[in-house]
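Input: a single structure, listed below in structure tokens.
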Amino acid sequence: MSVEIVVFAMVVAFAAATVQSVTGFGFSLTLVPLLAVAWEPKAAVPVSLLLGLATNVALLTQVRGQVTVRRLPGLYLGLLIGIPLGVLFLERVDADTLQMTVGVVVFAATVLLYLQPSIDAGHDSFGLRLGAGMMGGALTSATSMGGPPVVLYLLGRETEIDRYRATLLAYFLPSGVLAVAAFVIVGRVDADVLIISGAALPAVVAGILTGGWLRTHLDAERFRRAVVGVLIATSISVTVLAIVG
């Protein structure tokens, strides 16, 4: 592993943690596509899971009292169903297919997050939470980007920003723990993954602190739009690179 890859991973991890700290989502959407361009896509996923887990723990401690607990059982049950499906997908596909999947997922997710559609916001049910949690779990273990289904579910149902961020983070925490455990079991957490994750951890801490500062000095909506624009451009680049080999 080259020093350049380690340094690049630190820079990307800082950017991803900053985005997550400001918006409540976007760590994996930022880190995986960028790191996959410079490094092995299948190795970028467990790195994102490990660093994302650390980020979520730190952020959740700040807003834990704002979690809407009644939404969690359905989301968690769906998560348990979805994670094995995502691991199976990851084990069966080659690196190019995974890279294309990452690009498509990021592009679709960021467009939806940018448009922020109202998906029958007045309707809510255990089945809806189960479906969102299952889709999120499958995407988490396959690409580490399981946030969009739950983000879209919560849109229009959590009108308070703090409750929205807190409930989202409360879903991310066990999803990260279970996905990391699954990756350890199938042997995806190797020495290179641990080296990159350890080297990038200080950058994650710096990103969390920077994001906290930015939340008090920037218009969050404008920042979110800029982030989404970068993610769309990144997803297109990743997809094109995968197609041309």
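The values are calculated or read from the model by the stated rules, or taken from the named source; none is laboratory data. Keep in mind the model is a prediction, meaning the values are calculated, not measured. Cβ coordinates were reconstructed from backbone atoms using ideal geometry, including for glycine residues, and neighbour counts include every protein chain displayed.
Considering only the stretch 43-96, state which residues are surrounded by fewer than 15 Cβ atoms within 10 Å (Cβ to Cβ), of a type in the set (Gly, Ala, Ser) and over 22 Å from Leu29 (Cβ atoms).
Residue satisfying the conditions is Gly65 alone.
So which of Val11, Val37, Val19, Val47 ends up being farther than 22 Å from Leu178 by Cα and modelled with pLDDT of 90 or more? Steps first, answer last, please.
Working: Val37 fails: modelled with pLDDT of 90 or more; Val19 fails: modelled with pLDDT of 90 or more; Val47 fails: farther than 22 Å from Leu178 by Cα.
Of Val11, Val37, Val19, Val47, the one residue that is farther than 22 Å from Leu178 by Cα and modelled with pLDDT of 90 or more is Val11.
So which pairs qualify, if the first residue must be in the stretch 79-102 and modelled with pLDDT of 80 or more, the second must be surrounded by 14 or more Cβ atoms within 10 Å (Cβ to Cβ) and hydroxyl-bearing (Ser, Thr, Tyr), the Cβ gap must be under 6 Å, and the two must be at least 6 apart or on different chains?
These pairs meet every condition: Leu79/Ser175; Ile83/Ser141; Gly86/Ser141; Val87/Ser141.
Residues that are under 23 Å from Leu130 (Cα atoms): which helices (runs of 4 or more DSSP H) entirely in the stretch 1-101 hold 2 or more of them?
Working: elements: 3-23, 27-38, 41-63, 72-92.
Because the criterion is at least 2 residues that are under 23 Å from Leu130 (Cα atoms), the helices (runs of 4 or more DSSP H) in the stretch 1-101 that meet it are 27-38, 41-63, 72-92.
Consider only pairs whose beta carbons are under 7 Å apart and that are at least six residues apart or on different chains; among these, list those whose first residue lies in the stretch 65-77 and is in contact (Cβ under 8 Å) with a residue 24 or more places away in the chain and under 17 Å from Ala138 (Cα atoms) and whose second residue is crowded, with 19+ Cβ neighbours inside 10 Å and among the basic types (Lys, Arg).
Gly74/Arg129; Leu75/Arg129
Hey, does the stretch 222-241 have a residue that's aromatic (Phe, Trp, Tyr), at pLDDT below 85 and surrounded by 22 or more Cβ atoms within 10 Å (Cβ to Cβ)?
Here is the first cut: in the stretch 222-241, the residues aromatic (Phe, Trp, Tyr) are 223.
Of the ones still in play, those that are also at pLDDT below 85 are 223.
Next, from what is left, pick out any that are surrounded by 22 or more Cβ atoms within 10 Å (Cβ to Cβ): none.
No, the conditions are met nowhere in the stretch 222-241.
For the stretch 56-81, enumerate the residues that are more than 27 Å from Leu201 (Cβ to Cβ) and small (Gly, Ala, Ser).
The answer is Gly74, Gly78.
Are any of the residues in the stretch 145-160 among the acidic types (Asp, Glu) and modelled with pLDDT of 80 or more?
From the stretch 145-160, those among the acidic types (Asp, Glu) are 158, 160; that's our starting set.
Checking which are modelled with pLDDT of 80 or more leaves us with none.
Within the stretch 145-160, none of the residues are among the acidic types (Asp, Glu) and modelled with pLDDT of 80 or more.
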